[in-house]
Amino acid sequence: NETLALIIIFHFSQEGAGGLWDSVKKGAVVIGSGILFLAAFGNSLTWHLQRFWGASGDFWQTLWTKVYLAFEGHDAALFFVGTMLAPTLVFWVLNAFLLLVDTTGKPSFITRYRIQEDKNTPVDPVKLKQAVKTVLFNQVFISGPMVVVVYLLVSWTGDPCGPELPTFHRGLIELAIFSILEEVLFYYSHRLFHHPSLYKHFHKQHHEWTAPIGVVSIYAHPLEHVISNMLPVVIGPVIMGSHITTTSVWYCLALVSTTISHCGYHLPFLPSPEFHDFHHLRFNQCYGVFGVLDRLHGTDAKFRQTKQYERHTLLTSLTPLTQSIPETPKKCQ
Ligand SMILES: [Zn+2]
Ligand SMILES: [Zn+2]
């Protein structure tokens, strides 16, 4: 079997199938250095994290106890507030701000970071109204019922609303597992929705926006919202039997991250939205969340030859990347 695997790998390296062999080598180097780093500094890293958590842990536990007692054992209500109302509120507070920027074109401090510079200035009000309507529909009639189903599943296998908070480590490990599950499930389901026979019926709607804005993150056909948006995110906490606080934090993170991916502005000190923005621009590139599977399958090959790819980093200065890495080679001014 090992020989067979070697032959297959050799075959791929000969074929150069999307640079798979290159990916495997790079992956091995990254994982190898990761293991070496953890072996060397793992103990002191754990110690520092534990100390940080020890100092603030009491604060969070006290806060949780107050919330827990306030609900007097009404676990279903507590679950609904934590995993539906709170994440939805976070989503709308962030998107209300972004919508204000998109519709007014102000403040220029934000709009100067626009990725597709000539687009959405200002955003089409008819298209926007349609998007907001669909988003509200998906949240009320899809996300709401799905959260109830998740509650039934999780409370069947465990106690998601227990009085004691999970440890810092437990929370961190669970978030890492959730992220891996999301990357895998989102990548493949998303690619499936790009199959011509499915695309025209379902996913085309989400791609009406070639220059996306924040709310467009959950502007999708209901079936796509269930399979591609909700399932990859809710599956982790169900499998892990997570505490409601971990689940709530995860849902909020997922909504904030997808909003940033779609917002159309590459802002300083925030995760780069270039990857998914490019997916909306070019359709057949960059299907995943983190890009790991795109690298492996070569579905980022064209992206990696673009200016957008050069700009796909954490912006740590106030100069917009469209200025520091302009479209055409910089001329002497
Ligand atoms: Zn999208
Ligand atoms: Zn797509």
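The values are calculated or read from the model by the stated rules, or taken from the named source; none is laboratory data. Just so we're clear, the structure is a prediction, and the values are computed from it rather than from any experiment. Counting neighbours? That spans all protein chains shown, and the Cβs are built from the backbone with ideal geometry, glycine included.
Mind checking which residues of region 309-329 are in a helix (DSSP H, G or I), of a type in the set (S, T, Y) and in contact (Cβ under 8 Å) with a residue 24 or more places away in the chain?
Across region 309-329, the qualifying residues are Y309, T322.
Out of curiosity, is T259 crowded, with 21+ Cβ neighbours inside 10 Å, more than 16 Å from ligand 2 (Cβ to nearest atom) and in the same structural domain as A176 (by the TED database)?
Values: crowded, with 21+ Cβ neighbours inside 10 Å: yes; more than 16 Å from ligand 2 (Cβ to nearest atom): yes; in the same structural domain as A176 (by the TED database): yes.
So T259 fits the description; yes.
Within the group V184, V140, which residue is aliphatic (A, V, I, L, M) and touching a residue at least 60 places away in the same chain (Cβ under 8 Å)? Write out each step before concluding.
Numbers: V140 fails: touching a residue at least 60 places away in the same chain (Cβ under 8 Å).
None of the other options fit; the residue is V184.
When the residues of region 291-302 are filtered to those that are within 16 Å of ligand 2 (Cβ to nearest atom) and surrounded by fewer than 21 Cβ atoms within 10 Å (Cβ to Cβ), which remaining residue is farthest from I177 (Cα to Cα)?
So the first thing to find is which residues in region 291-302 are within 16 Å of ligand 2 (Cβ to nearest atom), and the list is 291, 293-294, 297, 299-300, 302.
So of that shortlist, the ones also surrounded by fewer than 21 Cβ atoms within 10 Å (Cβ to Cβ) come out as 291, 293, 297, 302.
Values: G291: 16, L293: 16, H297: 21, K302: 29 Å.
Among them, the one singled out is K302.
For region 235-291, which positions are aliphatic (A, V, I, L, M) and under 21 Å from L100 (Cα atoms)? Can you show your working first?
Here is the first cut: in region 235-291, the ones aliphatic (A, V, I, L, M) are 235, 238-240, 244, 249, 253-256, 260, 267, 270, 281, 289.
Correct list: L255, V256, I260, L267, L270.
Residue by residue through region 80-116, note down the ones that are more than 27 Å from Y251 (Cα to Cα) and out of contact with any Pro (no Cβ under 8 Å at 6 or more places or on another chain).
Result: K106, P107, S108, F109, T111, Q116.
Among the residues of region 89-136, what is the count of those that are farther than 22 Å from Q323 by Cα, without any contact (Cβ under 8 Å) to a residue 40 or more places away in the chain and not in a helix (DSSP H, G or I)?
1
Answer yes if at least one residue in region 149-169 is in contact with a helix residue (DSSP H, G or I) (Cβ under 9 Å, 6 or more places away or on another chain) and within 16 Å of ligand 1 (Cβ to nearest atom), and no otherwise.
No, there is no match, as no residue in region 149-169 is in contact with a helix residue (DSSP H, G or I) (Cβ under 9 Å, 6 or more places away or on another chain) and within 16 Å of ligand 1 (Cβ to nearest atom).
Pairs please, first residue from region 197-211 and part of a helix (DSSP H, G or I), second anywhere and away from ligand 1 (no atom under 13 Å from the Cβ) and modelled with pLDDT of 95 or more, Cβ atoms under 6 Å, 6+ apart in sequence or on different chains.
F202/L223
Could you please find all residues in region 169-188 being within 16 Å of ligand 2 (Cβ to nearest atom) and surrounded by 18 or more Cβ atoms within 10 Å (Cβ to Cβ)?
Within region 169-188, the first condition is being within 16 Å of ligand 2 (Cβ to nearest atom), and the residues that meet it are 182-183, 185-188.
Correct list: E182, E183, L185, F186, Y187.
Looking at region 257-282, I want the residues that are among the small types (G, A, S) and have a partner that is assigned to a helix (DSSP H, G or I) with Cβ atoms under 8 Å, at least 6 apart or on another chain. Which pairs are those?
S261/S217; S261/F275; S261/H276; S261/D277; G264/D102; G264/G214; G264/D277; S272/R311
Pick out the one residue from I235, I227 that is away from ligand 2 (no atom under 13 Å from the Cβ) and either among the hydrophobic types (A, V, I, L, M, F, W, C) or outside the structural domain of N120 (by the TED database) (or both).
I235
Being buried (at least 20 other Cβ atoms within 10 Å of the Cβ) and β-branched (V, I, T) is the filter; apply it to region 196-226 and report the residue that is nearest to ligand 1 (Cβ to nearest atom).
That would be V216.
Return only the number of the condition from (1) surrounded by fewer than 13 Cβ atoms within 10 Å (Cβ to Cβ); (2) of a type in the set (V, I, T); (3) modelled with pLDDT of 75 or more that V29 does not satisfy.
(3)
From the list L38, L89, L45, L69, which residue is modelled with pLDDT of 90 or more and either surrounded by 12 or more Cβ atoms within 10 Å (Cβ to Cβ) or among the β-branched types (V, I, T) (or both)? Walk me through it before giving the result.
On the way: L38 fails: modelled with pLDDT of 90 or more; L45 fails: modelled with pLDDT of 90 or more; L69 fails: either surrounded by 12 or more Cβ atoms within 10 Å (Cβ to Cβ) or among the β-branched types (V, I, T) (or both).
It is L89.
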